[in-house]
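Here's the structure we're looking at; comments come further down.
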Amino acid sequence: MQVNDNERGKVLAIYLNSSISLLQLISFMAETEGAWVTLHGNQVWSHIHIPDLENLNAGLINKALSLFSEIRKLEVEPLYERIRKYDSLQKSIDDLALEMIWIK
């Protein structure tokens, strides 16, 4: 995926670190042999739904950039650990991701 500017890239980074993206990756992953899985573009990434970054509300963009600025200064745990521990940072990411795709 390509984005037009760094700001949109930061917004996308926030979204791709959400539980919403993880659930999509799990649902679209392709089993190759036995317990091995793959996340190749045509089989998985091409099916991942992402928000329309070009037409995203300016308020949501600012909210995402603010959250990105907050996160980039932290030693953040891996996504799985954040979900497992009910991390408040992960909740912020997930709430914003849901707003981006108009579910919340």
Report task. Give the residue, chosen from Glu99, Glu77, that is surrounded by fewer than 15 Cβ atoms within 10 Å (Cβ to Cβ) and acidic (Asp, Glu). Result -> Glu77
Query raised in the report: Counting only residues that are without any contact (Cβ under 8 Å) to a residue 40 or more places away in the chain and under 12 Å from Asn17 (Cβ atoms), which one in the stretch 81-97 is farthest from the chain's Cα centre (by Cα)?
Result: Asp87
**Report entry** Flag if Glu54 is touching an Asp or Glu at 6+ places or on another chain (Cβ under 9 Å) and either at positive phi or among the acidic types (Asp, Glu) (or both)
**Finding:** no
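Only the coordinates and a few stated rules stand behind these numbers; no lab work does. Here the structure is a predicted model, which means the values were calculated and not measured. Please note: Cβ atoms are built from the backbone with ideal geometry, for glycine as well, and neighbour counts cover all protein chains shown.
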